[in-house]
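Colleague: One structure coming up, written as structure tokens, with questions to follow.
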Amino acid sequence: AKGDGRNNFSFFSSDMNKDMLERITLEQSLRRAVLQQEFCLHYQPIIDNQTEQIIAVEALVRWLDPKKGLIPPDQFIPIAEETGLIEPIGEWVLQQALSDLKGWHEKGYLINMAINVSSRQLVHSHANEFACLLNGLLQKFDIAPQSLHIEITESMLMADTEQALNALNAIRALGVEIYLDDFGTGYSSLSYLKRFPISVIKIDKSFVDNMLEDKADANLIKAIIMMGQSLDMKLVAEGVENMAQQEFLQGLGCDYVQGYLISRPLAEVDIIELLADAAKT
Ligand code: C2E
Ligand code: CA
Ligand code: CA
Ligand code: CA
């Protein structure tokens, strides 16, 4: 038994070294990726649930590693947040998304752009630092602030309440709308909803997944929609994958839907094709 213990211990510790090594390697390649700008954006449409028109697209970042290919955000955003690399990455995302949006507006596709933002990008010593960055980019690309939506998560509101509130108020003051992402998965109290300048609530996919089978999830969705409506907010349901889900949400008066049923996130060339097709009908 003693021998087993030792073996387990050495196995465990070499595993830990391996994890640490992987993490250091990942961090190093992520630094290179920032310098080389090895990122690309995919865009997923958000549609009006009544008219089925595309009202906005959400920009979703991917890392295009020369050796490993396309790496999804869940595999590098957490490390980017820890190391602070999220700041240059996030700035690249804003630049690229607004530059693409400008191109679409010039083609006559008058849609909006939703961009995910981490708390680390938002909270600085000066409350309006991020708002200034946004304002500069909106002017550079000559885009109306109403066309830009910033997606934040509940945990961000929790993290640094006063600073987050000030930063969000500065963004809202520009005319940019704020979406509360992954709603229902965090621990935020409902009083945050009233205090923070939030225009739109995105109902997390985990509720949509089971709402047709699970009465409790269906009731939760109903309650979230009613709550949003009474606070004068719009609602988006995320992760809608089939018609039955879309119809159920239509019945509940959910304003917008997003998910694989409508479209997966698409590369820029493909989203242009989708917008062109939508413009024909
Ligand atoms: P999110 O903001 O909640 O984005 C929605 C995620 O769900 C996306 O994953 C999208 O591809 C996926 N999705 C959408 N519809 C469906 C569906 O019908 N079924 C299923 N199974 N999945 C669906 P993705 O692109 O891998 O992004 C993951 C997360 O990474 C995002 O979650 C967001 O939190 C983060 N992220 C992405 N881009 C950025 C960024 O530019 N900045 C920051 N800070 N975070 C980002
Ligand atoms: Ca999002
Ligand atoms: Ca989400
Ligand atoms: Ca999510």
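Colleague: Determine the percent antiparallel among the DSSP beta bridges restricted to the chain, to the nearest 5.
Modeller: For the chain, the DSSP antiparallel bridge percentage is about 40.
Colleague: Let me ask another. Give me the accessible area per residue for region 164-263, probe 1.4 Å, as a whole number in Å².
Modeller: So region 164-263 comes to 44 Å² accessible per residue, rounded to a whole number.
Colleague: For region 149-212, with only Lys/Arg (+1) and Asp/Glu (-1) charged at the beta-carbon, what is the dipole magnitude about the Cα centre, in debye rounded to 20?
Modeller: With only Lys, Arg, Asp and Glu charged at Cβ, the dipole is about 220 debye.
Colleague: Add +1 for every Lys or Arg and -1 for every Asp or Glu among the other residues with Cβ under 14 Å from the Cβ of I46, and state the total.
Modeller: Once positives and negatives cancel, what remains is -4.
Colleague: Under a point spin-label approximation (7 Å from Cα along Cα-to-Cβ), what is the R195-S125 distance to one decimal in nm?
Modeller: 2.5 nm
Colleague: Now a separate question. K140: which lysines have alpha carbons under 22 Å from its alpha carbon, excluding same-chain residues fewer than 8 sequence positions away?
Modeller: Counting by Cα, and skipping residues close in sequence, K140 has these lysines nearby: K102, K107.
Colleague: On to the next question. How much accessible area per residue does region 26-144 have, counting only protein heavy atoms and a probe of 1.4 Å, in square angstrom?
Modeller: It amounts to 47 Å² per residue over region 26-144.
Colleague: Taking DSSP loops as anything outside H, G, I, E and B, show the longest stretch in the chain free of chymotrypsin sites (Phe, Trp or Tyr not before Pro) there with at most 12 other beta carbons within 10 Å.
Modeller: 1-186
Colleague: Which FRET efficiency, nearest 0.05, do C40 and K107 yield, Cβ-Cβ r, R0 22 Å?
Modeller: Calculated transfer efficiency: 0.65.
Colleague: A follow-up question, please. So how much accessible area does D204 have, in Å² to the nearest 10, using a 1.4 Å probe?
Modeller: The value for D204 is about 20 Å².
Colleague: Once neighbouring chains are kept in place and the probe is 1.4 Å, which whole percent of the accessible area of region 188-281 is contributed by carbon and sulfur?
Modeller: Summing carbon and sulfur atoms, their accessible area is 54 percent of the total for region 188-281.
Colleague: If the label point is 7 Å along Cα→Cβ of D19, which residues in region 76-104 have backbone nitrogen under 20 Å from it?
Modeller: In region 76-104, the label zone of D19 (backbone N under 20 Å from the point 7 Å along Cα→Cβ) covers 76-83.
Colleague: Starting from 0.36 nm per residue, how many nanometres of slack lie between T281 and Q28 once their C-alpha separation is accounted for?
Modeller: Computed gain between T281 and Q28 is 86.3 nm.
Colleague: Please tell me the relative contact order of the chain in percent, rounded to the nearest whole number, where contacts are Cα pairs under 8 Å and at least six residues apart.
Modeller: For the chain, the relative contact order is 18 percent.
Colleague: Here is a further query. Which FRET efficiency, nearest 0.05, do I79 and Q163 yield, Cβ-Cβ r, R0 25 Å?
Modeller: 0.60
The values are calculated or read from the model by the stated rules, or taken from the named source; none is laboratory data. Everything numeric here is computed off the predicted structure, so don't read it as measured data. In this analysis, Cβ positions are derived from the backbone assuming ideal geometry, glycine residues included, and neighbour counts consider all displayed protein chains. Ligands, DNA and RNA are stripped out before the accessible areas are found, and what is left, the full protein with its side chains, is counted by its heavy atoms. Shrake-Rupley method; radii C 1.70, N 1.55, O 1.52, S 1.80 Å.
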